[in-house]
Amino acid sequence: MTVQGSDMRMDAPLSLRDVLPKIVQELEAGQTLDRSVFAGSVFDELAALFGLNDAESAALALLAGAALDRRCAAALSHSGGSLSVGDLMASLPRLDWESLSSGSVLRSWFLIRVDRALNLQDSAVSIDPRILDWCLGLATPDARLGPYLRPLAQAGILSDPHTKVADGCAERLAGRVSRGGAGHCVIVGEGPATRDAVAARIAQALTMEPVGLDPAFFELPVVERSALERILARETVLARMMPVFALEVFSAREASRLRTLEMPTLILADEMAHRVALPPGAEAVTLAPPDAIGRAALWQYHLGEGNKADTADLAETFTIGADEIAQIAAGLQHLSPNDRAAAAKQAARRYLAPPPDPLVQEIKPHVSWEDLVLPGATEATLRLITAQIRHRAHVYRDWHFGERLSRGLGITALFSGPSGTGKTLAAEVMAAELGLPLLRVNLAQVVDKYIGETEKHLDHVFRMAERAGAILFFDEAEALFHKRGDGDNAQERFSAMTVAYLLQRLETCAATCLLATNMRASVDDAFLRRMRFAVHFAFPAAAERTRLWAAAFPAQAPLENIDPATLAILPATGGTIRNAALNAAFLAADAGGAIGMDEVLAALEIENAKLPQPIDLAPLRRRVLP
């Protein structure tokens, strides 16, 4: 049957205690219990909730009286023992056998208990303990549900998009219920606290109370689960309870279980399995992560009325959900609102610090612009990129440029040039300047021979960088971002799939992505078009090499006749110069003396062994050696 239910209990109905004396009086006087005895009481309310006729309502009133008052029980029982079905029917001539059959409203809704004997007339009958408690005004759920009840998180603030999702679900659920259906909603995505808040808002809109249930409920044997589902449906009617199940993955198995639930139900899940067919009357909605505007509002709410520029910067830097914002902010509540906003960035860095991961290596840079020796135009471009990363919250949000961009709001740049010209060092300097984590992608671990695995690894890497507000650095990028072939063989087709995925992911990435390559010509043109910046790191000229040699030796290092201008006659890159200076220092330390030109020459010989085109050291020898 379809239970209509009510939005809330009747206005102050007479309690069982109020009408019990009248029931006892009628029975002791030998009168048949008339509806007028319990009119306007909880028994009228039960009749309205479950569609009971007057005789069935009177039966509940008599059974409740017998449970609480011995005089009532004695007046009903003709045998002096337990009250039987025959006793009840004798006291209520209008009560027919159908009202006490196994499929009746009284029994199918577990309003009464019948302990079956050889025949129905001799079977013991009593009011269900939960119904008796309800008649007494006790709100405790049925004890049989106790092992499966779980508390829900305290409802928090919802962003505007999530509020709209919740209100839409509530409206559609209300429509299904009004048409006699159950109505189920599967809510996927975001964090547990946000899903709980959405569930609370939906339940509130339906004037219901959300109650968490353990997913183990679904794993019970069929007979036991069916009985508990009916009891659960009864709680929905009695206490306006809305069941809420929290799962990691909503799969086809859980979808099939929904078919037997006869009440509005919410399923909260981290994710939904592919190709799950929902039963009639069920829908699935996804809670999208808040955008930058939503994140800024959440930061502002949790941190208080502090510096709005700080909260906007937090929103642009960390692509995280509402739950994580709330958790980070919770640890800052001992500070004043202004101090919270200022401290939130470091707190977020600590909270979101990427765990050790084989797919990336976190580089902790200890360098500055002074360590980077480049032509003026190249350095100016790098400083411009750094400025865009720093001010993107201001430009995208405050000046509304973000509304005009159809692609991701991350910054992308391609660093190209010979090995050792400062591409990696430039990435380190930018990360150090901005105080951002620098994650270098481990290509050997990312690339996988199995179809689809490389894309999964890359998605994991991109998401990690977005959450942590990190700079993602692809060294030797041509290995991934290479030109696509004609697709003549399977390897080329699989490779083209990876390239296509990367093109799409770069467009939607909210993090800063830096690509470094020694072979720009090998990079697919489609990637070049998607780069906001392309920076060429040229082989250093003599003036730059002089500065590189001068910067290669710390001020504390003991030097003897080191002449950076003389050393600059050699066509060496910055990487070669730094390595040679370090090796020369170890040679000098082993000899017990200062670092001189002899040690530098010896160190350059070591470097030559690694270079595909060794440096001609003869010009330097002629100047240095006697």
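Where helices (runs of 4 or more DSSP H) fall entirely within the stretch 99-215, those with at least 2 residues that are without any contact (Cβ under 8 Å) to a residue 40 or more places away in the chain and closer than 28 Å to Leu60 by Cα are at 129-135. Of the helices (runs of 4 or more DSSP H) lying entirely inside the stretch 47-96, those containing at least 3 residues that are over 21 Å from Asn119 (Cα atoms) and either at pLDDT 90 or above or assigned by TED's automatic domain parsing to the domain that holds Glu235 (or both) are 54-68.
Of all residues in the stretch 179-207, those satisfying the criterion of being closer than 16 Å to Gly168 by Cα and of a type in the set (A, V, I, L, M) are Val186, Ile187, Val188, Ala197, Val198, Ala199, Ala200, Ile202, Ala203, Ala205, Leu206.
A count restricted to the stretch 163-199 and to residues that are of a type in the set (A, V, I, L, M, F, W, C), at pLDDT below 95 and within 20 Å of Tyr148 (Cα to Cα) stands at 1.
Here Phe473, Phe537 are screened, and the one residue that is within 30 Å of Gly402 (Cβ to Cβ) and either out of contact with any helix residue (DSSP H, G or I) (no Cβ under 9 Å at 6 or more places or on another chain) or buried (at least 16 other Cβ atoms within 10 Å of the Cβ) (or both) is Phe473. Restricting Lys456, Lys483 to those that are modelled with pLDDT under 90, surrounded by fewer than 20 Cβ atoms within 10 Å (Cβ to Cβ) and of a type in the set (Lys, Arg) reduces the list to Lys483. Annotation: Ala348 fulfils all but one of (1) in a loop (DSSP other than H, G, I, E, B); (2) among the hydrophobic types (A, V, I, L, M, F, W, C); (3) within 26 Å of Pro161 (Cα to Cα); the unmet one is (1). Candidates in the stretch 200-247 are the residues that are among the hydroxyl-bearing types (Ser, Thr, Tyr) and within 18 Å of Leu111 (Cα to Cα); of these, the one that is surrounded by the fewest Cβ atoms within 10 Å (Cβ to Cβ) is Ser226. Count of the stretch 268-279 residues, restricted to those that are part of a strand (DSSP E or B) and either over 25 Å from Val211 (Cα atoms) or touching a Pro at 6+ places or on another chain (Cβ under 9 Å) (or both), is 2.
The requirement of being more than 23 Å from Gly410 (Cα to Cα), of a type in the set (S, T, N, Q) and at pLDDT 90 or above is not satisfied by Gln346. With respect to the stated conditions, Ala413 fails to be touching a residue at least 40 places away in the same chain (Cβ under 8 Å) and part of a helix (DSSP H, G or I).
Among the listed residues Ser126, Ser57, Ser91, Ser82, identify the single one that is of a type outside the set (A, V, I, L, M, F, W, C) and under 27 Å from Arg225 (Cβ atoms). The match here is Ser126. Based on this model, can you work out whether Leu384 counts as in contact (Cβ under 8 Å) with a residue 60 or more places away in the chain and surrounded by fewer than 16 Cβ atoms within 10 Å (Cβ to Cβ)? When the stated conditions are applied, Leu384 passes them. Ala521 - would you say it is assigned by TED's automatic domain parsing to the domain that holds Ala431 and either assigned to a helix (DSSP H, G or I) or closer than 17 Å to Ala377 by Cα (or both)? So Ala521 passes the test.
Just for the stretch 414-453: of the residues that are in contact with a helix residue (DSSP H, G or I) (Cβ under 6 Å, 6 or more places away or on another chain) and at positive phi, which one is surrounded by the fewest Cβ atoms within 10 Å (Cβ to Cβ)? Of everything passing the filter in the stretch 414-453, Gly420 is surrounded by the fewest Cβ atoms within 10 Å (Cβ to Cβ).
In the stretch 556-586, the residue that is farthest from the chain's Cα centre (by Cα) out of those that are surrounded by fewer than 14 Cβ atoms within 10 Å (Cβ to Cβ) and not in a loop (DSSP other than H, G, I, E, B) is Glu560. Residues in the stretch 73-92 include none that are in contact (Cβ under 8 Å) with a residue 60 or more places away in the chain, surrounded by fewer than 14 Cβ atoms within 10 Å (Cβ to Cβ) and closer than 16 Å to Leu27 by Cα.
For residues that are crowded, with 18+ Cβ neighbours inside 10 Å and among the β-branched types (Val, Ile, Thr), tally how many sit in the stretch 587-613. Count: 2.
The values are calculated or read from the model by the stated rules, or taken from the named source; none is laboratory data. For clarity, every value in this text was computed on a predicted model and none was experimentally measured. Cβ: placed from backbone, ideal geometry, glycine included. Neighbour counts: every protein chain shown.
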